[in-house]
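The values are calculated or read from the model by the stated rules, or taken from the named source; none is laboratory data. All of these numbers come straight from a predicted model, not from anything done at the bench. When we count neighbours, we look across all protein chains shown, and the Cβ atoms used for this are built from the backbone with ideal geometry, even at glycine. Note: accessible area is taken over every heavy atom of the protein model, side chains too, but ligands, DNA and RNA are not part of it. Shrake-Rupley method; radii C 1.70, N 1.55, O 1.52, S 1.80 Å.
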Amino acid sequence: MSISLLLLIIAVIGVAGYLFGSWRANALAGGKLSSLHSRPGYYGSFVAIWSVLPALVVMLVWIIASPIYISSTVRGGFPEEVKATSQAEQNLAYNMIGAISRGLNTLSAEEREAMFADSATARTVLAAKGVPLAADPAPYMLTSADDLNRMTKASGTFLSILVIVAALAGAFVSYRAIAPKFRARNRVEGVMLVSLIAASSIAILTTVGIVASMATEAIHFFNMVPAWEFFFGTTWDPRFAAAGATASSGQFGLIPLLAGTLYIGFVAMLVAVPVGLFAAIYMSEYASRTVRSVAKPLLEVLAGIPTIVYGFFALITVGPFLRDISAQLNGLVTGNYASFIQAQSVLTAGIVMGIMLIPYVSSLSDDIITAVPRALRDGSLGLGATRSETIKRVIMPAALPGIVGALLMTASRAIGETMIVVLAAGVAARMQLNPFEPMTTVTVKIVNQLTGDLEFTSPQTLVAFALGITLFVITLCLNIYALYIVRKYREQYE
Amino acid sequence: MNMMSEAAVEKALDRQMNDISYKMIGKDVSVYYGEKRALYDVNLNVRENTVTALIGPSGCGKSTFLRTLNRMNDTIDGCRVTGRITLDSDDIYDPNIDVVELRARVGMVFQKPNPFPKSIYENVAYGPRIHGLAKAKADMDAIVEQSLQKAGLWNEVKDRLHEGGTGLSGGQQQRLCIARAVAVSPEVILMDEPCSALDPIATAKVEELIHELRANFTIVIVTHSMQQAARVSQRTAMFHLGNLVEENDTDKMFTNPDDQRTQDYIMGRFG
Ligand SMILES: Nc1ncnc2c1ncn2[C@@H]1O[C@H](COP(=O)(O)OP(=O)(O)OP(=O)(O)O)[C@@H](O)[C@H]1O
Ligand SMILES: [Mg+2]
């Protein structure tokens with residue numbers, strides 16, 4: 001019986017359980033619903049849950065457990081000389097047996113006989129059925145494949161019986177449990193609660209899982225390269241080791257990457273903060289309702305542009321533009337038409353990233369400024385302050401903590417941003433202060449270290465995880481601090 | 001007895017407009033919020049150094065009228081005012097008039113205490129600073145002290161001038177807001193239900209304060225409490241559905257009003 005058919009049967013039992021359960025509750029009530037603890041629907045749901053859930057659990061467990069059991073039995077039946085070989089070879093053999101077993105199912109009885117008689121023909125026979133084998137199978141493989149088939153089939157039958165029995169038993173037991181004083185509602189809501197918790201746990205566990213896997217890989221890295229060399233090293237030179245060369249020959253200093261990240265982020269904030277803040281002030285304090293209703297969504301469209309698009313905007317437009325204009329300037333002043341701004345530079349990446357961040361700054365600050373109570377505005381205006389005095393002396397000071405929080409969140413985006421810097425910042429890990437020169441960032445190096453044909457055991461690759469977790473910790477701290485500030489600010493007006 | 005005769009004299013004077021000094025004169029004032037009309041041709045004069053109370057059921061336009069007196073309605077999108085309002089015979093809706101200067105002359109205290117999230121001192125100094133009223137720090141100190149004293153708050157806060165204004169009690173906050181308004185030395189102070197967020201003791205303090213302020217300022221106060229209107233005001237104006245129903249001496253208003261609707265409202269028959 002196929003899994004989908006089985007699921008259908010469970011569903012039918014569940015629906016029937018619901019109908020019978022409500023019907024029985026109704027019958028027990030005898031027209032007086034108040035004599036029941038819960039409404040009839042809850043009794044129905046209770047029976048349905050008991051029919052479906054245990055059956056599904058049984059099914060899940062079986063589907064996971066039975067292949068493991070079957071595989072270990074089949075491997076246990078391997079001849080001794082095969083068992084003596086390496087794990088990898090045994091895996092290969094098992095995979096071939098799996099393929100043969102699939103092929104066997106397509107053969108007629110005579111073809112089967114013929115094949116078992118001469119295992120050398122197996123490859124051609126099965127190939128004709130669309131099941132290619134990598135090599136001629138050994139004779140024991142054919143019998144193993146046969147065993148495998150038999151066990152799979154038995155397991156399938158057993159599963160069907162088990163699941164249907166579980167569903168029926170669940171339905172029966174819960175149906176019998178129905179009584180006027182039975183607290184069906186509480187049980188059903190309990191199940192609801194558990195499923196809600198399960199859903200949120202999945203999200204949290206995923207995060208934990210990601211962090212854990214990053215941390216494990218990072219620990220591998222730190223086993224090969226000392227942590228202090230990573231965190232305080234000032235040279236980034238991972239030196240991709242040629243195959244066979246000794247692994248630990250690179251230098252993995254974080255400092256130049258961090259410097260680049262912070263420098264580019266700083267330039268980006270220099271662009272984004274004034275523009276975004278002024279836009280927010282205009283939107284929240286000056287713009288009429290009509291202007292606001294058009295301009296605000298337009299500004300927020302910027303936030304919807306994929307960052308890779310900003311990336312090639314930087315690469316194709318802004319970078320060359322800055323380079324050419326610097327050449328012109330240089331020419332005007334010194335007569336030498338050499339550009340002093342490189343196309344890939346801190347400035348290019350910073351400006352474009354700043355543009356990307358404008359909508360974040362403006363929409364977050366706009367919300368915060370609008371949240372300043374109208375009473376404060378009125379109070380100031382009522383004293384004869386002009387609008388700009390009101391903004392400068394009352395609204396901004398009141399909104400400042402919230403705005404700082406918003407800016408911290410924006411900064412954490414700037415630090416984690418990847419595509420723009422990959423395309424516009426350059427790859428040279430250098431420590432310098434000239435914004436017209438290329439620098440590189442943590443994210444760029446993560447991309448660099450993980451692209452290409454590399455094994456995941458060398459420090460050259462594993463360093464990406466150490467970089468990743470460093471970045472994660474930095475942005476996490478920024479975000480937590482920002483949330484803390486924003487929350488504190490909210491309390492002020494409640 | 002004394003009171004009655006004073007009122008009688010005032011009424012006699014009322015007939016000869018010239019002898020009474022009106023601080024503000026509203027003529028045919030109408031207000032629209034978008035399409036909706038909130039006030040219908042209100043003619044109301046505010047006498048100098050007098051407390052005028054505006055009463056009436058909720059939504060009748062008291063706050064709206066009050067806000068026309070210092071053009072606070074300008075800050076509301078879609079609000080339009082027609083008619084003529086003068087302050088000492090200057091038309092305050094004249095395009096040449098500076099709203100900032102107008103609001104310095106006609107101050108406002110709001111229903112909910114709204115101190116700025118700054119120190120007590122800075123709250124009071126806010127207005128004088130904006131209007132450049134104090135040259136030296138000593139001048140500013142003097143203004144702050146006088147204003148707080150006028151608002152009856154000085155003794156309570158003189159030791160904590162540099163603590164936050166929002167840390168005061170509700171009643172103290174409201175008196176701080178009054179001090180803040182007084183600090184700019186306005187000629188008229190508008191108060192929109194200044195006691196509605198306060199307990200009876202704080203209310204009594206504010207009412208007492210209004211009494212004292214009357215000597216130096218002209219006051220217009222919106223209130224929902226008939227008792228309060230009777231206690232603090234000399235003139236009372238009754239609004240209903242955006243119309244001015246009656247404007248009269250407070251004593252007359254509460255004993256023998258001219259209009260049936262006023263009588264009904266004061267007796268608690270509607271609103
Ligand atoms: N900002 C506004 N936008 C649109 N309509 C408004 C606005 N403010 C007031 N109104 C309307 O104008 C009318 C008068 O309102 P106003 O606030 O002046 O009443 P009020 O007499 O002060 O009432 P209350 O005693 O409840 O404060 C009401 O119908 C109200 O709905
Ligand atoms: Mg009002």
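Given the condition within 16 Å of ligand 1 (Cβ to nearest atom) and open to solvent by 10 Å² or more (accessible area, probe 1.4 Å), answer yes or no: does some residue in segment B:170-177 qualify? No: zero hits. I'd like the residue in segment B:84-104 that is within 12 Å of chain A (Cβ to nearest Cβ) and open to solvent by 10 Å² or more (accessible area, probe 1.4 Å) and, out of all such residues, is farthest from the chain's Cα centre (by Cα). Here the answer is B:D98.
A single member of A:T152, A:T85 is open to solvent by 20 Å² or more (accessible area, probe 1.4 Å), in contact (Cβ under 8 Å) with a residue 12 or more places away in the chain and among the β-branched types (V, I, T), and it is A:T152. Listed conditions (1) in contact with a Pro (Cβ under 7 Å, 6 or more places away or on another chain); (2) within 16 Å of ligand 2 (Cβ to nearest atom); (3) assigned to a loop (DSSP other than H, G, I, E, B) are all met by B:Y265, apart from (3). Within segment B:155-163, at least one residue is open to solvent by less than 10 Å² (accessible area, probe 1.4 Å), in contact with a helix residue (DSSP H, G or I) (Cβ under 7 Å, 6 or more places away or on another chain) and not in a loop (DSSP other than H, G, I, E, B). For segment B:189-236, residues that are polar (S, T, N, Q) and within 14 Å of ligand 1 (Cβ to nearest atom) total 4. Could you list all residues from segment A:368-386 that are in contact with a helix residue (DSSP H, G or I) (Cβ under 8 Å, 6 or more places away or on another chain) and either in contact (Cβ under 8 Å) with a residue 12 or more places away in the chain or more than 7 Å from every other protein chain (Cβ to nearest Cβ) (or both)? Answer for segment A:368-386, where residues must be in contact with a helix residue (DSSP H, G or I) (Cβ under 8 Å, 6 or more places away or on another chain) and either in contact (Cβ under 8 Å) with a residue 12 or more places away in the chain or more than 7 Å from every other protein chain (Cβ to nearest Cβ) (or both): A:I368, A:I369, A:T370, A:A371, A:V372, A:L376, A:R377, A:G379, A:S380. Within segment B:105-153, the set of residues being open to solvent by 10 Å² or more (accessible area, probe 1.4 Å), more than 11 Å from every other protein chain (Cβ to nearest Cβ) and β-branched (V, I, T) comprises just one member, B:I143. The residue pairs whose first member lies in segment B:65-83 and is open to solvent by 50 Å² or more (accessible area, probe 1.4 Å), whose second member is within 8 Å of ligand 1 (Cβ to nearest atom) and in a helix (DSSP H, G or I), and whose beta carbons are closer than 6 Å, counting only pairs six or more residues apart or on different chains, do not exist in this structure. Is it fair to say B:L209 is out of contact with any strand residue (DSSP E or B) (no Cβ under 9 Å at 6 or more places or on another chain), within 14 Å of chain A (Cβ to nearest Cβ) and outside any loop (DSSP other than H, G, I, E, B)? Criteria not met by B:L209. Condition check for B:D192 on (1) more than 14 Å from every other protein chain (Cβ to nearest Cβ); (2) within 16 Å of ligand 2 (Cβ to nearest atom); (3) surrounded by 18 or more Cβ atoms within 10 Å (Cβ to Cβ): one failure, at (1). Would you say A:G468 is open to solvent by 60 Å² or more (accessible area, probe 1.4 Å), more than 14 Å from every other protein chain (Cβ to nearest Cβ) and among the small types (G, A, S)? Criteria not met by A:G468. Exactly one residue out of A:A295, A:A303, A:A259 is modelled with pLDDT under 90, open to solvent by 20 Å² or more (accessible area, probe 1.4 Å) and under 29 Å from A:T443 (Cβ atoms), and it is A:A303. Against the definition (polar (S, T, N, Q) and in a helix (DSSP H, G or I)), how does B:Q111 come out, yes or no? For B:Q111, the condition - polar (S, T, N, Q) and in a helix (DSSP H, G or I) - is not met.
Which of the residues belonging to segment B:241-267 are free of Cβ contacts under 8 Å to residues at least 24 places away in the same chain and open to solvent by 60 Å² or more (accessible area, probe 1.4 Å)? If the condition is that a residue be free of Cβ contacts under 8 Å to residues at least 24 places away in the same chain and open to solvent by 60 Å² or more (accessible area, probe 1.4 Å), then B:T255, B:N256, B:D258, B:Q260, B:R261, B:Q263, B:M267 are the ones that fit. The numbered conditions (1) charged (D, E, K, R); (2) touching a residue at least 40 places away in the same chain (Cβ under 8 Å); (3) away from ligand 2 (no atom under 16 Å from the Cβ) are all true for B:K62 except (3). Scanning segment A:390-399 for residues that are open to solvent by 40 Å² or more (accessible area, probe 1.4 Å) and facing chain B (nearest Cβ under 10 Å) yields a total of 2. Just one of the listed residues (A:A93, A:A145, A:A55) is open to solvent by less than 20 Å² (accessible area, probe 1.4 Å), in contact (Cβ under 8 Å) with a residue 40 or more places away in the chain and closer than 30 Å to A:E189 by Cα, and it is A:A55. Evaluate segment B:68-75: report whether one residue or more is facing another protein chain (nearest Cβ under 9 Å), more than 25 Å from A:A398 (Cβ to Cβ) and not acidic (D, E). Checking segment B:68-75: not a single residue is facing another protein chain (nearest Cβ under 9 Å), more than 25 Å from A:A398 (Cβ to Cβ) and not acidic (D, E). Residues in segment A:352-367 that are of a type in the set (S, T, Y) and open to solvent by less than 20 Å² (accessible area, probe 1.4 Å) were compared, and the one that is nearest to the other protein chains (Cβ to nearest Cβ) is A:S365.
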